[in-house]
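A short worksheet on the structure shown next.
The values are calculated or read from the model by the stated rules, or taken from the named source; none is laboratory data. Just so you know, these numbers come straight off a predicted model, no measurement behind them. Cβ atoms come from the backbone with ideal geometry, glycine included; neighbour counts cover every protein chain shown. Keep in mind that these areas ignore ligands, DNA and RNA; they rest on the heavy atoms of the full protein, side chains included. Shrake-Rupley method; radii C 1.70, N 1.55, O 1.52, S 1.80 Å.
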Amino acid sequence: MRMVPFLDRHLIFPVFNFLQETGLYNTTAIQRAQLVLLAETNMIDWALETYTLIGEEQPQELIERRDMVLEQLEDSRAKVLPLLEILEEEEKVQRVAACKSIDELCQTFELDPTVIDGLVHYAKLQYDCGNYTLSGELLKHYRSMISQDTERPVMTSKQVSCIWGSLASFILNREFEEATDGAERAADVIFKINDFLDTTKMSKKEVLLQRTWLLHWSLFPIFTAEKVEVKLLDFFLNEKSLSCISLSCPHLFRYVASCLILQKRLKHLMKDTVWIIQHESAVYSDPVTRFLLALYVDMDFDEAQLELQKCEKVCKVDYFLSRHWAEFQENARLLIFETYCRIHQCINIGMIATKLNMEAEEAEVWIVKLIQNAKLDARIDSEKSRVVMSKAPPSVYQQVIEKTKNLSFRSTMCLGIQEVSL
């Protein structure tokens, strides 16, 4: 219920499908919740099928509404048919791209100006019917035409809505990977919305709300794509995003912590981000965030192990984290071992081997590779079967950096709270 207020209703359906598969909730209860969502869409066939599944009679008004939706689709398509025919021919699409304004476009192809706006209405109808691929394509064409209109330099609310619609369509179509033809993807649209919010003249409160929506929607390409773009992770974990999470959606710290655990390339952000998670722990806490706090703040390895066990239950019923549990567990164990190595001078290989369920020789090889990858200053004492760690004291310069590096985040937080209150 914390997530739903910041998601489009169509984005909730994949989450419901996942929850139905986990068996965490009663199937009929989930199906009834789906009917509530479907009531505000045009996916009439799915709604009728759901009524049958729960053993209830299909409402007559829903059957009648189906005919009305089909009629709306046909009427809307007829109004924009001249433009649709143009967009089906590559040569004409190139001519459309060459037009510098909507007026020029309409004159070139003898189109009524209302047809251009009619394309958005038709795309919305298709989206509400669950035709996300077609909706995404139509919105892409509309946005392309409008972006070339030099006579309308200021982005209208309709254009902003179209960008959000494109993002929803890309997410639901799972268009996350970089296309060979350079086609737009979900990440590209996220960056465009973020840039718009950086320069918009909307109130600070409205900007904060839209950033909150954007952070929730970005969870889909971050956690459900086969490969996560580094730039997208940078957006999700930058200072502005973390300040937004602290102010309006601290429950997203679960996914901030998960990114730190799953993405080894983010190791340089670990210390600063864990400090922020600790700062907000009174507002939000779960096994994922507590694991990092136990490991990096309290240095309590027994507590970290207990929290890691709880993480399994959390991850396996979380739509975004369930498919990552094996990798999450492995990376978390590596973090425990690396941290243990950094604060202990001598580590018995036999003890580590037992913890990792390995033979002593196998564990020794594994530890050697880990020391190399983590760039730990250590050596293997094979004669005594132990790892000997060397730890140099931090320089005065480094100590000053550690004491002052969080001032920027604190200042951003204070400024954000002041602006929202105003």
field: Residues (surrounded by fewer than 16 Cβ atoms within 10 Å (Cβ to Cβ), over 21 Å from Asn131 (Cα atoms) and of a type in the set (A, V, I, L, M)) located in the range 67-111
entry: Val93, Ala97, Ala98
statement: Of the residues in the range 112-131 that are within 18 Å of Gln148 (Cβ to Cβ) and open to solvent by 20 Å² or more (accessible area, probe 1.4 Å), the one that is nearest to the chain's Cα centre (by Cα) is Val120
message: I need a count of the residues in the range 29-42 that are more than 25 Å from the chain's Cα centre (by Cα) and touching a residue at least 40 places away in the same chain (Cβ under 8 Å).
response: 1
- prompt: Within the bounds of the range 239-255, is there any residue that is open to solvent by 70 Å² or more (accessible area, probe 1.4 Å), basic (Lys, Arg) and more than 26 Å from His268 (Cβ to Cβ)?
  reply: no
query: Of everything in the range 179-190 that's without any contact (Cβ under 8 Å) to a residue 12 or more places away in the chain and assigned to a loop (DSSP other than H, G, I, E, B), which residue is most open to solvent (accessible area, probe 1.4 Å)?
result: Thr180
message: Can you find, within the range 290-304, the residue that is least open to solvent (accessible area, probe 1.4 Å) among those that are over 9 Å from Gln278 (Cβ atoms) and within 25 Å of the chain's Cα centre (by Cα)?
response: Phe291
